[in-house]
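Working notes, structure below.
Please treat every number below as a calculation from the coordinates, not as lab data. Every value quoted in this text rests on a predicted model; they were computed, and no experiment measured them. No Cβ is skipped: glycine too gets one built from the backbone with ideal geometry, and neighbour counts run over all protein chains shown.
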Amino acid sequence: MKNCLKITQIASDAQERKLSMGEKMQMHTHLMMCPGCRAFVKNTDTLSQMMKAYKASDDKNADKK
Ligand SMILES: [Zn+2]
């Protein structure tokens with residue numbers, strides 16, 4: 001699927017900024033057709049949550065120092 005690179009890029013960007021309506025539509029449409037990118041986005045979400053949890057515990061540790 002030729003859009004995969006672009007979609008994975010958008011999915012990564014989504015962790016750092018708000019997506020435009022066009023980007024959301026593009027991603028949504030592609031994800032309906034592409035199991036590979038669905039898996040990627042799912043992993044990205046999981047990774048993002050893990051990073052947030054890690055950062056939160058890191059902040060607590062920083063307070064103790
Ligand atoms: Zn794809």
State all residues of the stretch 14-27 that are within 13 Å of the ligand (Cβ to nearest atom) and either touching a residue at least 60 places away in the same chain (Cβ under 8 Å) or within 13 Å of the chain's Cα centre (by Cα) (or both); if no residue qualifies, say none. Met27
Find all pairs meeting these conditions: Cβ atoms under 7 angstrom apart; at least six residues apart or on different chains; first residue within the stretch 29-57 and without any contact (Cβ under 8 Å) to a residue 40 or more places away in the chain; second residue within 13 Å of the ligand (Cβ to nearest atom) and charged (D, E, K, R). Leu31/Arg38
So which of Ala62, Ala11 is within 16 Å of the ligand (Cβ to nearest atom) and among the small types (Gly, Ala, Ser)? Ala11
